[in-house]
Amino acid sequence: MLGRVTDRHGLRAAAFFDLDKTVIAKSSTLAFSRPFLRNGLINRRAVLKGAYAQFVFAASGADADQVERIRAHLTALCTGWDVQQVRAIVEETLHDIVDPLVYAEATDLVTRQKDEGMDIVVVSASGAEIVAPIAEMIGATHSIGTRMVEVRGKYTGEIEFYCYGENKATAMKELATTNGYDLGASYAYSDSITDLPMLEAVGHPTVVNPDRGLRALATERGWPILEFTKPVSLRSRFQPSGTAVAVTAIGLGAIATAGATWYGIHRRRKR
């Protein structure tokens with residue numbers, strides 16, 4: 001058994017997963033740079049900047065200054081984009097782009113913990129519009145993501161709820177209260193030191209492909225360290241329902257906040 005499913009109060013355990021570099025091998029939104037280029041939303045210079053950000057993200061994890069610079073650039077780039085155009089582009093390309101990036105080890109872990117009777121929750125700084133369909137693709141029960149503001153069909157760059165840092169833990173606690181989860185019996189998985197509040201919110205924290213800071217902390221605290229290295233097509237592992245395939249439209253929340261903290265400099269943090 002991976003863990004206690006219910007306690008004496010009848011509360012259930014849940015497993016909370018970060019998205020980028022924990023469930024999938026890349027930044028969930030920067031992966032969409034090429035279809036945005038093809039459809040005229042961004043130019044080649046922006047794609048090259050995105051590629052650089054992807055390299056920094058994959059090689060070492062972005063520090064606070066890098067994150068702030070990247071967010072500022074990408075928010076300036078994306079503010080004012082047409083909501084429906086973005087949704088159409090991402091809906092058309094979601095499975096082709098994201099499906100091959102999902103770690104086999106993550107899908108195996110999700111399956112095992114579901115078999116234990118746990119709810120699976122994906123928690124990401126990426127936009128809720130992209131987190132939800134990816135969560136459904138891997139068989140998760142719930143998802144939590146950043147919620148963006150749109151006005152008259154355009155994205156403003158402002159954030160209604162920024163699902164990052166302490167806010168991740170706050171959202172997890174709210175969901176636990178609503179659904180009757182025992183966080184002390186629950187699990188959490190992440191690669192980034194910025195998700196320390198998320199990991200500390202549960203009784204069983206585990207780090208996956210950790211950045212330098214998180215690896216050092218996990219070693220000091222004796223937390224399990226997992227290395228996920230095998231992206232695999234979900235089509236070969238899951239048979240999604242018609243609802244999962246016909247995902248709901250994807251908004252700039254996916255663009256404005258992916259990769260744990262990439263987008264959204266004009267934020268309104270609600271804790």
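Here, each number is a calculation from the coordinates, and none is a lab measurement. A quick note: this is a predicted structure, and the numbers were derived from the prediction, not measured. Heads up, the Cβs are rebuilt from the backbone with ideal geometry, glycines too, and the neighbour counts pull from every protein chain shown.
Tabulated data for the structure shown
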item	result
Trypsin sites (Lys or Arg not before Pro) restricted to the stretch 120-183 and DSSP loop, no more than 10 other C-beta within 10 Å	152
Burial ordering of 148, 137, fewest other beta-carbon atoms within 10 Å first	137, 148
Least to most buried among 44, 34, 87 (fewest other Cβ within 10 Å first)	44, 34, 87
Residue 174 paired with residue 92, simple spin-label distance in nm, labels 7 Å along Cα-to-beta-carbon	3.5
Under 11 Å, Cβ to Cβ, from residue 153 - net charge with Lys/Arg +1 and Asp/Glu -1	+1
